[in-house]
1. Return the FRET efficiency for the residue pair Trp45, Ser104: r is the Cβ-Cβ distance, R0 is 22 Å, and the value is rounded to the nearest 0.05.
2. When the Cα centres of the stretch 79-116 and the stretch 15-32 are compared, how far apart do they sit, in Å?
3. Treating the Cα atoms of the chain as identical point scatterers in vacuum, please give the log10 of the normalised Debye intensity I(q)/I(0) at q = 0.10, 0.13, 0.14 Å⁻¹, two decimals.
4. How big is D, in µm² s⁻¹, for the stretch 59-105 by Stokes-Einstein at 20 °C and 1.002 mPa s if Rh is the Kirkwood radius over C-alpha pairs?
5. Calculate what fraction, in whole %, of the accessible area of the chain sits on carbon and sulfur atoms when a 1.4 Å probe is rolled over the protein chains.
6. Rolling a 1.4 angstrom probe over the protein heavy atoms, how many square angstrom per residue are accessible across the chain?
7. With an 8 Å cut-off on Cα pairs and a minimum separation of 6 or more residues, tell me the relative contact order of the chain in percent.
8. Which order do the peptides 28-41, 53-66, 82-95 come out in when sorted by mean C-beta neighbours inside 10 angstrom, highest first?
Amino acid sequence: MSGVADVAERHLPDPAWSVARPFWEGCRAGELRIPRCDRCGRWVWYPAPLCPDCGGEHHVWTATAGRATLFTWVTVRLATFLRDIPTRGLRAGMPVELLFETVSEHLTLPAFRCVG
């Protein structure tokens, strides 16, 4: 896994930025936390003041299960990486699993690895 070695090549986020601080605190704790509308339960990503479904204003930073299904992908620089890509390549519907890469004592980045 290349992980931390290629982090220097990208712009790092500010883990102290108040809007995303709960996200980075979750990463340091080994959890991927996403805001969830307290009224309707919708995941609100990127963090926004209002829920796009119901207009709710109260969102709770909620730990996710850490398992997902690959829906689509693009090759750009993001705040996450996809690891352990099979030699046969990516495919829609491919299961992925959350992992964390420690950059410093103040910053841990989420990444995903292919598991199927």
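The values are calculated or read from the model by the stated rules, or taken from the named source; none is laboratory data. In this text, all values refer to a predicted model and were calculated from it rather than measured experimentally. So basically every Cβ, Gly included, is an ideal-geometry build from the backbone, and we count neighbours across all protein chains shown. Side chains are part of the model used for accessible areas, which takes the heavy atoms of the whole protein and leaves out ligands, DNA and RNA. Shrake-Rupley method; radii C 1.70, N 1.55, O 1.52, S 1.80 Å.
1. Values: r = 24 Å, r/R0 = 1.11.
Given R0 = 22 Å and the Cβ-Cβ separation, E is 0.35.
2. 17
3. With one equal scatterer per Cα and no solvent, log10 I(q)/I(0) is -0.34, -0.57, -0.66.
4. Working: Rh = 13.0 Å.
My calculation gives 165 µm²/s for D.
5. Values: 4100 of 7490 Å².
Here carbon and sulfur together make up 55 percent of the probe-accessible area.
6. Values: 7490 Å² over 116 residues.
Accessible surface, normalised per residue, equals 65 Å².
7. Values: 184 pairs, mean separation 29.2, N = 116.
So the answer I get is 25 percent.
8. On the way: 28-41: 16.5, 53-66: 13.7, 82-95: 11.4.
For the peptides 28-41, 53-66, 82-95, the packing ranking is 28-41, 53-66, 82-95.
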